[in-house]
Structures are given as C-alpha cells and as structure tokens.
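A short write-up of the structure that comes next.
The values are calculated or read from the model by the stated rules, or taken from the named source; none is laboratory data. Note that this is a predicted model, so its numbers are computed, not measured. Here the Cβ is made from the backbone with ideal geometry for all residues, glycine too, and neighbour counts use every protein chain on show. Only protein heavy atoms, including side chains, enter the accessible area calculation; ligands, DNA and RNA are left aside. Shrake-Rupley method; radii C 1.70, N 1.55, O 1.52, S 1.80 Å.
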Amino acid sequence: MGKIGKNLSSSRIIILGFAGAVLLGSLLLMLPFATREGEGASFADAVFTAVSAVCVTGLVVQDTATYWSAFGQAVILLLIQIGGMGVVTVAVAVFVASGKRISLKERSTMQEAISANQVGGIVRLTGFIIKAAACFELLGALVMAPAFCREFGLARGMWYAVFHSISAFCNAGFDLMGEKTPYSSLTHFAASPSINLTIICLIIIGGIGFLTWEDIRTKKFRIRKYRMQTKVILVTTGVLILLPALYFFLYEFRDMPLGQRVLCAMFQAVTPRTAGFNTVDFGRLGGNAIGILVLLMLVGGSPGSTAGGFKTTTLAVMLSSAVSVFRRREHVHFFGRRIDDVTVQSAMAVLSMYLILFLGGGFLISHLEGLPLSECLFESASAVATVGLTLGITPGLGLASRAVLILLMFIGRVGGLTLIFAALPGRRQAATERLPQEKLNVV
C-alpha cells in the first residue's frame, strides 16, 4: 500500500494487489527449477497457473503433481494461500506483525476486501482471520495425514496433507493426485471417510466466510443474536448442500456401496461451492447432474470468504425479492428485518454480470475451439466462479480460449463490481438529483 495507495481507490488497490501476486507467481513458475524437467514453464502456462492459484480456481493446463517440481508446488501453494486469504488481508497482517501503523485508508481497503460492515475493529478482525485459517488448515492436515502417509510414505504424505488442507480451505481445488493418474483429483480416495469428510468440512468452513465465523465465535449458540446476514448465509448454505446431495444420492450413484454412495453424494454437492475437487468421473454424470453442478458453481460461497461465485446472499436476496413481488410487498424481508433497495439493486447487478460473463465466455470458447457449447459453458462457469471443476477440455484449449478463462478467473476473484468501480469511479448521485419518471411495463 504505502504512498502509492494514497492516490488510489480501494478498488484499484485490490486489483493491483491481485495483479502483482499473479505477476510475481508467474515469474517464479518460469524459473528452471520450478518444473520437474528443469526447463521452466512457458509464459502462457506460468501465467495461467498463477492466475488460477491466486484466484483460488484450480483449473490447470499442466498436471500439478507430475509437471511442477517441489519448488513449483510450493509456489502454487503460497499463491493459493495469498489468494484465499486475500492479498490485502495478507498485506495488513504483515504490517501489523512488523509493528507498523495501519492508516485509515488501509483499513477502508481491508473493509472492502473482506466485505466487512464497518472500518472499526478491522485490524482485530484481520488477526482473527489469520489465526482461524491457520488453525483450520493445521487441523485438516493432521486428520488427513494418516491416510496420505499410508499411501505415499511419511514425508510425501505429510506434504500432501498440508497441500490439500490449504487447497480445500481456500476453496482452490489444486491437487497432487496426478502421481496416480493425471488430472484425477481425489477419485482414488472416493471411499475414504477421513479424506472426504475433512475436505468437505474445510470447503464449507472456508466458503461460509470469516465474518460469519466471527459472529458465531462471539455469540456462540445464541442463534437469535446472530446478525441477519449470518442467518441468511447459514440457511442458504444448508439448503444448497442438502438438496443437491439428496439428488445425487437418489439418482446418480446407485451402483455404489451405501457408505461410498453417501460420501460421493455429499462431496459432489459441496465441491462446486467453489472448491474444484471431485471424487467421481464427471463423464458418468447425467445432463441433469451437470446442470446442477453449473448452478452450484455460479452461486459459489458467501461474502468475505475464500470462495467465489455471485454468493449465497445474492441468491437469497433475488429469491426473496421475487417472493415480495409475488406477494405484493414493497420491500424484501429476512428474519424480521428489511433489506434496502440499494442491496437489491446490487444483487441484481452482480447476478446479471455473472450470467453475462458465464454465457459470453462459454459461447466465445465454443466458437474459438469448435467444441460443444455445453462443455464450454461448464468451463466458463468454473472459471468465473473460481471453482476449478472441469470436463477435461481446459488443457487442450488454445491460447485465445485460455486468455478468456484467465480473464474470467480474475474478474471472478476480485469481483466484478470492484472492477467496475475501479474503472468508473464516478460520484454518487445525490438523492435530490432525479430525472422525470415514466412507467415501463415489464409484465
């Protein structure tokens, strides 16, 4: 931040922070010892991988386990951690640790980066975020370590446990299972309760959002005292896990043993939000299941989380707004609280932007590559929602299509509204500045 940040808006600081992390990561991945062959990655492969890691997406053009060296994997993991926590969050944490004073501008930027409600207490909240992330990631690694150590030996097993714990908590979806079968994700551990349940918990914890966990930590089991946003996030998240899991269990994995069937149904319901791991081959899923995965990917996680997507709160506001129209209510309501019109307008803008990017990206890739539109829409949804799930076409895409995915991943991570506010920093219209009104029929 520093002196340069004084002349930049918070939106531009966030964008430059992510762009700087991508540039540094790309340069490191191009070093000769970043790849197993010792030749270094090409500029195109390095940039794509760095963007995917910083934007915690998980789409790859080279298998992470077999192409990158231990150094390259460590760089990717560092980028995942920075991207998941947020570049601004990491920068503020470093400032605090070094004893430097955090200015009001830096606090304001931090507030926007993590979608906090107010500037007050932002430094304390940053400390909570860092500590909570470290605890959850360490606990996840310890639980998964025995299974990975049995499979890969002590040293590699511990590394795999740490890597996948951080990747899961940050909703990144990068994996090291290519040692068995390239691009296989966690399909070899589909029947492992310790791996499946731990990854599921880490994805949910990271995707719910730090503000939600801070609210839960403060108020414990006094649910009525939770902020309205916390209640909306918990209810919406629960519904978006339960209903898809029930569908997958009843219709998609009927040839599996009961225990594995339950694990696979739960895992595939959670991972699109927005982690990018998979424990089954998506080629075996029907069209309805693929459609559900696309919808879940686009929704993503919650505000102030490690996940992408247009967020659970946006979905909740839009559905509640529709209900209000049907019931001829003037305002949107949640748990006895009214939502202001600006929030509804913002939700509509965010949803519209994601749909335009999702559809536009899919159509463009289909045109460039001559591939089926359904497969291209799946990849574009995965990119813009920073998920990382794939039907296997990403490694074979041309440079132009990869550039489309890079743009979608970057916009999806920094936030479309952040980019728009940075590019169009116009002044807020005063309440008295109104044009003449005229009726427009929409039904």
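With the charge dipole of segment 181-322 set up from +1 on Lys and Arg Cβ and -1 on Asp and Glu Cβ about the Cα centre, the Cα lying farthest toward the positive end among the listed residues VAL270, TYR247, SER320 is that of SER320. Among TRP68, TRP213, the sequence by solvent-accessible area, most first, with a 1.4 Å probe is TRP213, TRP68. This model, with +1 at the C-beta of Lys and Arg and -1 at the C-beta of Asp and Glu, gives segment 310-356 a dipole about its Cα centre of some 180 debye. A 1.4 Å probe, protein heavy atoms only, puts the accessible area of ARG338 near 150 Å². Across all C-alpha atoms in the chain, the radius of gyration and Dmax reach 21.6, 73 Å. Rolling a 1.4 angstrom probe over the chain with all protein chains present gives an accessible area of which 65% lies on carbon and sulfur atoms.
The mean sequence distance of close C-alpha pairs (under 8 Å, at least 6 residues apart), as a share of the length of the chain, puts its relative contact order at 17 percent. Exceedance of the 26 Å cut-off in Cα-Cα distance is limited, within the set LYS231/LYS439; LYS180/LYS311; LYS131/LYS180; LYS219/LYS311, to LYS231/LYS439; LYS180/LYS311; LYS131/LYS180. Sparse packing (at most 11 other Cβ atoms within 10 Å of the Cβ) combined with a DSSP loop state is found for the following GluC sites (Glu not before Pro) in segment 326-416: GLU330. In the context of the full set of protein chains, the chain has a per residue accessible area of 47 Å² (1.4 Å probe).
For the chain, a crude dipole built from +1 on the beta carbon of Lys and Arg and -1 on the beta carbon of Asp and Glu, taken about the Cα centre, is about 2160 debye to the nearest 20. Projecting the Cα atoms of VAL344, THR198, PHE221 onto the dipole axis of the chain, where Lys and Arg carry +1 and Asp and Glu carry -1 at the beta carbon, places PHE221 farthest toward the positive end. Helix hunt in the chain: which complete DSSP H runs extend at least 27 Å axially by C-alpha with mean Kyte-Doolittle at least 0.5? For the chain, where a helix must reach 27 Å along its axis and average at least 0.5, the hits are 10-29, 122-152, 228-251, 341-369. Secondary-structure-derived ellipticity at 222 nm for the chain, considering helices only, amounts to -20500 deg cm²/dmol, per-run term -39500 (n - 2.57) for DSSP H runs with n ≥ 4. For TYR183, the accessible surface of its heavy atoms amounts to roughly 110 Å² (probe 1.4 Å, protein chains only, rounded to the nearest 10).
Shown are MET348, MET409, MET256, whose ranking by accessible area with a 1.4 Å probe and every protein chain present, most to least, is MET348, MET256, MET409. Here's how it looks for TRP68: its modeled amide H is under 5 Å from those of ARG36, which are all 5 or more places away or on a different chain.
Taken about its Cα centre, segment 217-373 carries a charge dipole of roughly 1220 debye when the Cβ of each Lys and Arg holds +1 and the Cβ of each Asp and Glu holds -1. Please work out the FRET efficiency for the pair ARG328 and SER194, using the Cβ-Cβ distance as r and a Förster radius of 56 Å; give the result to the nearest 0.05. The pair ARG328/SER194 has a calculated efficiency of 0.60.
Which Cα, out of CYS149, SER69, LEU211, lies furthest along the positive dipole direction of the chain (beta carbon charges, K/R +1, D/E -1)? Selected residue: LEU211.
Counting only protein heavy atoms and using a 1.4 Å probe, the accessible area of LEU154 comes to about 130 Å².
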